[in-house]
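The values are calculated or read from the model by the stated rules, or taken from the named source; none is laboratory data. Since we're looking at a predicted model, the values are computed, not measured. Cβ placement follows ideal geometry from the backbone for every residue including glycine, while neighbour counts extend to all protein chains displayed.
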Amino acid sequence: MEKRELVIIGAGPAGLSSAIYGRRAGLDVLLLENGTPGGQINVTNEIENWPGVIHSSGLELGKNFRSHAEHFKPEFRDCTVKKIEIKNGSKIVITDKGEVEAEAIILATGASFRKLGCPGEAEKTGAGVSYCAVCDGAFFQDETIAVIGGGNVAVEEAGYLTRFATKVYVIHRRDEFRADKLAIDQAMANPKIQPVWNSVVQSIEGDGFVEKLVLKNVRTEEIIDLPVAGVFVFVGTEPNISYLGENSSLIKQTRDGWIITNDKMETSVEGIFAAGDIRDKFLRQVVTATGDGAIASVAAYSYITEQLHLNSVLIDPEHVFALITSSIDQNQVKLQVDTEKYAKDSGVKIAFVDGYRNKRIVEKLGLKSLPALVELRKGELIRNIEPKEVAAVKFFVE
Ligand code: NAP
């Protein structure tokens, strides 16, 4: 099977930033992308909050990210990831073009637009229903259209759509927008935008193309027909995690499927990291996705080098004594120093591991507390004690 050091899934801002940091750290990086690379940035009309660039289109910034990543020569591969499996501790990425064993994996597949799920939505996608103003807005020159949602995307894209449409209804299920004040103020000052409060879409109808929305007022229960030529659905996003399986038990997620990580971007599975919009996080923006990507790669690099080190000192040798201590506990640091001196004087071989920085190995060996003096044979724990001083170490190894 093909073996790689770092496999990154997804080539949006998070994945590309991971690839840059991974390659600069000297890792062998395989970046898996599916179809059109770049993710949501490609369908973002204007980006004004990427520091150092006052204004850019999403497409342009995305292209720059990609050529920057290409400069460091990761391998790009166009394929669909079907599944991730852990077999005997190895991490396997299963794609439609074969299987790859990875020392570390970064999940950077981002998020997709949430669907309304009402009758007519799926059938009329591409026939008047859209999730991308910059892609489809120009089709609605001098038409009346609707935007669904009350967040930043709905409110900002409604403004963009007024470049083409004569009227844009913004249909929201509550009576106030969720978007930032600035975005709301701009939208409300635009004479072409008309909010429709407390309303949900019951169905999207038309003979072929969209002709009307059937709306229900959630307060009065009143049902009305709203004639429109198109509808843009901006009701938030959901994580792209289909390859992790339904209700995936492999990697810990929130109820809505967002991947839970710590601040090193580590997921609940050792050696699997997540970066960008796929994560459970406070702010999903290009700037936070690229930051996540950088952290994930640096953490993946230290994971890979730590694994190599731990394998060579603990797991691969036929027989080993190892003292595992916590580098933040003064007594344990002293025990380590005393034991190093004893090992040097006596010629007994003892490996030293910082259990504070290598928590996973402590868990893996089933050690409840530190310090721990262990005897391993081919990576298997034979016996262990909790030595208080070097005398106990001597007694154990002699
Ligand atoms: P969002 O902030 O989660 O807003 C989703 C909107 O859709 C909400 O108004 C929500 O209504 C509504 N909604 C959700 N499910 C619905 C349903 N089934 N039917 C009808 N309405 C539904 O999502 P977003 O606008 O896509 O923005 C995503 C993130 O990117 C946000 O954190 C946003 O602040 C950020 N963003 C920032 C900027 C910027 O800083 N310039 C620009 C774009 C995006 P409720 O309000 O009732 O929940």
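Table for the structure above
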{"item": "Single residue of segment 90-139 satisfying the filter (of a type in the set (Gly, Ala, Ser), modelled with pLDDT of 95 or more and assigned to a strand (DSSP E or B)) that is nearest to residue 150 (Cα to Cα)", "result": "104"}
{"item": "Residue identified as touching a strand residue (DSSP E or B) at 6+ places or on another chain (Cβ under 7 Å) and buried (at least 16 other Cβ atoms within 10 Å of the Cβ) among 98, 58", "result": "58"}
{"item": "Some residue of segment 78-92 being in contact with an Asp or Glu (Cβ under 9 Å, 6 or more places away or on another chain), under 15 Å from residue 12 (Cα atoms) and of a type in the set (D, E, K, R)", "result": "yes"}
{"item": "Residue match in segment 353-371 (condition: farther than 25 Å from residue 88 by Cα, outside any loop (DSSP other than H, G, I, E, B) and more than 31 Å from the chain's Cα centre (by Cα))", "result": "no"}
{"item": "Within segment 157-218, strands (runs of 3 or more DSSP E) holding 2 or more residues that are among the aliphatic types (A, V, I, L, M) and surrounded by fewer than 16 Cβ atoms within 10 Å (Cβ to Cβ)", "result": "none"}
{"item": "Neighbours by Cβ (under 8 Å, 6+ apart or cross-chain): first from segment 323-344, free of Cβ contacts under 8 Å to residues at least 40 places away in the same chain; second surrounded by fewer than 16 Cβ atoms within 10 Å (Cβ to Cβ) and among the basic types (Lys, Arg)", "result": "327/357; 343/349"}
{"item": "Subset tally (residues that are over 15 Å from the mean Cα position of the chain (by Cα) and within 30 Å of residue 168 (Cα to Cα)) for segment 228-271", "result": "9"}
{"item": "Among the residues listed as 338, 263, the single one being surrounded by fewer than 20 Cβ atoms within 10 Å (Cβ to Cβ) and part of a loop (DSSP other than H, G, I, E, B)", "result": "263"}
{"item": "Which numbered condition residue 181 misses (of (1) within 15 Å of the ligand (Cβ to nearest atom); (2) farther than 26 Å from residue 219 by Cα; (3) of a type outside the set (A, V, I, L, M, F, W, C))", "result": "(2)"}
